[in-house]
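Take a look at the structure set out below.
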Amino acid sequence: MAQDAIALLEADHQRLEDLVRDYKSAGSDPSAKLHMAQIICMELTLHSMVEEEIFYPAFAHATGDEQMVERARKEHQHVKELIDRVPTAENLDGAVEAIWRHALEHIEEERRIIFAKAKSCGMELATLGGRIQTRRAEVATTVQEA
Ligand SMILES: [Fe+2]
Ligand SMILES: [Fe+2]
């Protein structure tokens, strides 16, 4: 039985929050911190990808709210630009801080508006959850093979 799409996406949000907390409380070993920052970026990228490929189109189809999806995609794009700066960041803590500040603002809006609307409009959340899990598994395999 597939998990509900919103439960899966919220579990991602929670995992990201935990990873950022771990990053902040980690010591000052630069290579360990870079590794942690890379994991945060990878998880965020994967999360945004399944939302953009699977959840947002289904949301737009079910609610007709293209405007909200467009806004969310722009927010993802902004976070992506901040993620792209990580490999060359002189101040890694500042770079992670900026990513998380924007990501968290987006997550809160997603929760308040998109998820709330999705729950009340009869979307096939279990089916979507299954698709999200399949897509994540595919990408994870590709990353391991690379
Ligand atoms: Fe999002
Ligand atoms: Fe999200």
Among the Cα-Cα pairs of the range 18-146, the proportion with separation greater than 24 Å, in percent, is 37
What whole-number value in Å² describes the accessible area per residue of the range 5-145 for a 1.4 Å probe? 56
Rounded to 10°, Cα long-axis angle of helix 92-109 versus longest principal axis of the chain: 10
Average Cα contact separation per residue, the chain, under 8 Å, 6 or more apart, as relative contact order %: 41
Simple SL model, points at 7 angstrom along Cα→Cβ for LYS117 and GLU53; separation in nm is 2.4
Across the range 5-145, how many lysine pairs, 8 or more positions apart or on different chains, have C-alpha atoms separated by under 25 Å? Please give the number. 5
Asserting the computed 222 nm helical MRE of the chain (DSSP H runs at least 4 long, -39500 (n - 2.57) per run, divided by residue count, to nearest 500) equals -25500 deg cm²/dmol
Using a 1.4 Å probe on the protein chains only, how many percent of the accessible area of the range 57-146 belongs to carbon and sulfur? 50
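The values are calculated or read from the model by the stated rules, or taken from the named source; none is laboratory data. Every value quoted in this text rests on a predicted model; they were computed, and no experiment measured them. All Cβ positions, even for glycine, are placed from backbone atoms using ideal geometry, and neighbour counts span all protein chains on display. SASA here: full protein model, heavy atoms, side chains in, ligands and nucleic acids out. Shrake-Rupley method; radii C 1.70, N 1.55, O 1.52, S 1.80 Å.
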